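Here is the structure we will look at, set down as structure tokens.
The values are calculated or read from the model by the stated rules, or taken from the named source; none is laboratory data. All of these numbers come straight from a predicted model, not from anything done at the bench. Cβ placement follows ideal geometry from the backbone for every residue including glycine, while neighbour counts extend to all protein chains displayed. These accessible areas exclude ligands, DNA and RNA; they are computed on the full protein's heavy atoms, side chains included. Shrake-Rupley method; radii C 1.70, N 1.55, O 1.52, S 1.80 Å.
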Amino acid sequence: GAVVSQHPSRVICKSGTSVKIECRSLDFQATTMFWYRQFPKQSLMLMATSNEGSKATYEQGVEKDKFLINHASLTLSTLTVTSAHPEDSSFYICSAWDRGLEKLFFGSGTQLSVL
Amino acid sequence: SQQGEEDPQALSIQEGENATMNCSYKTSINNLQWYRQNSGRGLVHLILIRSNEREKHSGRLRVTLDTSKKSSSLLITASRAADTASYFCATLSTDSWGKLQFGAGTQVVVTP
């Protein structure tokens, strides 16, 4: 089945630094990828839709200048949390849409802890 | 925003028992999917049921869909301790491309 690789799995950083998270579709091309955020014991909240070759579409309330998304190729989308603060600490999950299978495949997630 | 509501929020059962959880949604859908998530991990796709299907089976999983009531249920039969996880339903609306809306999830604990 389709595989999505997400790196890093865990990152700890100081407040004010920027963190980049990568999401790769390994055996299929994904023109559309999604970024989610999940707080402990809560559901996934969609942050943005990443479209290859165009600007990402952000959900209401998500700061696009804070969470930079780049989808430069059909197999890679990146999320950069700029000037991270402790309130940005969360579990971030990416997913890639396999149009042929009509299924969404998820990365394993990135636990971000901002000190 | 979350599309679906799930109940119960938490479920605690013993090995061998069946676990049933329900999901309701609001919009017209193309399909509904169930996912499993172990603590601190990514999501694993369990089963997909299309809007023109009413029931689907996969191993010990049984999913039903009632589009008139905008609801779905997931049944796990003969549960095992390894089934302990959070389970989420997610709907794909008819006008979206992979943009799933997730329910709040049901946390299932299966004790040996």
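At 1.4 Å probe size, what's the solvent-accessible area of B:R50? Round to the nearest 10 Å².
Here the accessible area works out near 90 Å².
Quick one: go through region A:23-45 and flag any residue whose amide nitrogen is under 19 Å from the point 7 Å out along the Cα-to-Cβ line of A:K55.
Output list for this probe position: A:32-35.
Of all the accessible heavy-atom surface of region A:63-115, with the other protein chains kept in place and a 1.4 Å probe, what percent is carbon and sulfur? If you can, show how the numbers build up before the last one.
Working: 1150 of 2130 Å².
Of all accessible area on region A:63-115, carbon and sulfur atoms account for 54 percent.
Of A:L44, B:L75, which has the most accessible area and how do the rest follow, probe 1.4 Å?
Numbers: A:L44 0, B:L75 30 Å².
Ranked list, largest accessible area first: B:L75, A:L44.
Placing unit charges on C-beta atoms (Lys and Arg positive, Asp and Glu negative, everything else neutral), compute the dipole magnitude of region A:1-102 about its Cα centre in debye, rounded to 20. Could you put the intermediate results ahead of the total?
Values: 10 positive and 10 negative charges, 52 e Å.
That gives a dipole near 240 debye.
Loop only by DSSP, 13 or fewer other Cβ within 10 Å of the Cβ. Give me the trypsin sites (Lys or Arg not before Pro) in region B:58-112 that pass, ordered by residue number.
Working: sites: B:R60, B:R62, B:K69, B:K70, B:R80, B:K99; in loops: B:R60, B:K69, B:K70, B:R80, B:K99.
Those that pass, being in a loop and sparsely packed, are B:K69, B:R80.
Mind giving me the FRET efficiency for B:E5 and A:Q111? R0 is 25 Å, r the Cβ-Cβ distance, nearest 0.05 is fine. List each step's numbers first, then the result.
Working: r = 27 Å, r/R0 = 1.07.
E between B:E5 and A:Q111, to the nearest 0.05, is 0.40.
Please list, in order along region A:22-34, the HN-Hα scalar couplings obtained from phi with the Karplus expression 6.51 cos²θ - 1.76 cosθ + 1.60 (θ = phi - 60°), rounded to whole Hz, x for Gly and Pro.
Per residue, the Karplus-derived 3J(HN,Hα) values read 9, 9, 10, 8, 8, 9, 7, 8, 10, 6, 10, 10, 10 Hz.
With every protein chain present, what is the per residue accessible area of chain B (1.4 Å probe, Å²)?
Working: 5370 Å² over 112 residues.
Counting only protein heavy atoms, the per-residue value for chain B is 48 Å².
Do any trypsin sites (Lys or Arg not before Pro) in region A:31-92 lie in a loop, going by DSSP, with at most 15 other beta-carbon atoms within 10 Å of their beta carbon, and if so which? Each step should come with its number before you reach the end.
Details: sites: A:R37, A:K41, A:K55, A:K64, A:K66; in loops: A:K41, A:K55, A:K64, A:K66.
When the trypsin sites (Lys or Arg not before Pro) of region A:31-92 are filtered for loop state and at most 15 Cβ neighbours within 10 Å, A:K41, A:K55, A:K64, A:K66 remain.
Interface size between chain B and chain A, please: total buried accessible area, 1.4 Å probe, rounded to the nearest 100 Å². Walk me through the intermediate numbers first.
Values: alone 6250 and 6480 Å², together 10990 Å².
Accessible area lost upon association: around 1700 Å².
Mind running the shape call on region B:20-102? Use the C-alpha gyration tensor, a ≥ b ≥ c as the square roots of the eigenvalues: rounded below 1.5 for a/c, prolate if a/b tops b/c, oblate otherwise.
oblate
What is chain A by shape, rounded, prolate or oblate, if you read a ≥ b ≥ c off the alpha carbon gyration tensor as root eigenvalues and call it rounded for a/c under 1.5, prolate for a/b larger than b/c, and oblate otherwise?
Working: a/c = 1.77, a/b = 1.57, b/c = 1.13.
Prolate shape, in that a/c is at least 1.5 and a/b is the bigger ratio.
Within a 10 angstrom radius of each residue's Cβ in A:104-110, how many Cβ atoms of other chains show up on average? Whole number is fine.
Values: counts 10, 5, 7, 2, 5, 5, 1.
Mean partner-chain Cβ count within 10 Å for A:104-110: 5.
For region B:27-36, what does the Karplus curve 6.51 cos²θ - 1.76 cosθ + 1.60, with θ = phi - 60°, yield as ³J(HN,Hα) per residue in whole Hz, taken in order and with x for Gly and Pro?
In residue order, the calculated couplings are 9, 5, 10, 8, 7, 10, 10, 10, 10, 10 Hz.
Do any chymotrypsin sites (Phe, Trp or Tyr not before Pro) in region B:20-112 lie in a loop, going by DSSP, with at most 16 other beta-carbon atoms within 10 Å of their beta carbon, and if so which?
On the way: sites: B:Y25, B:W34, B:Y35, B:Y87, B:F88, B:W97, B:F102; in loops: B:Y25, B:W97.
Sites meeting the loop and neighbour criteria: B:W97.
Using a loss threshold of 20 Å², tell me which positions in region A:65-94 are less accessible in the complex than in their chain alone. Probe radius 1.4 Å, ligands and nucleic acids ignored.
Residues passing the criterion (a loss of at least 20 Å², heavy atoms only) are A:F91.
How much of A:T57 can a 1.4 Å solvent probe reach, expressed as accessible area in Å² and rounded to 10?
Here the accessible area works out near 70 Å².
Which ³J(HN,Hα) values, rounded to whole Hz and listed in residue order, are derived for region B:56-64 from phi using the Karplus coefficients 6.51, -1.76 and 1.60 in 6.51 cos²θ - 1.76 cosθ + 1.60 with θ = phi - 60°, glycine and proline given as x?
Ordered by residue, 3J(HN,Hα) equals 8, 10, 8, x, 8, 9, 9, 10, 10 Hz.
Taking all protein chains in place and a 1.4 Å probe, what share, in percent, of the accessible surface of chain B do carbon and sulfur account for?
Values: 2420 of 5370 Å².
Carbon and sulfur: 45 percent of the exposed surface of chain B.
Using Cβ-Cβ distances only, list the Cys residues of the protein assembly as shown with no partner cysteine under 4.7 Å, sorted by number.
Isolated Cys, the protein assembly as shown: A:C13.
Once you order the gyration tensor axes a ≥ b ≥ c over the Cα atoms, which shape class does the protein assembly as shown get: rounded for a/c under 1.5, otherwise prolate or oblate by comparing a/b with b/c? Provide the component values of the computation, followed by the final result.
Numbers: a/c = 1.94, a/b = 1.44, b/c = 1.35.
Judged from the Cα gyration tensor, the protein assembly as shown comes out prolate (a/c at least 1.5, a/b above b/c).
Select from A:N70, A:F34, A:S108 the residue farthest towards the positive end of the dipole of chain A; place +1 on Cβ of Lys and Arg, -1 on Cβ of Asp and Glu, and compute about the Cα centre.
A:S108
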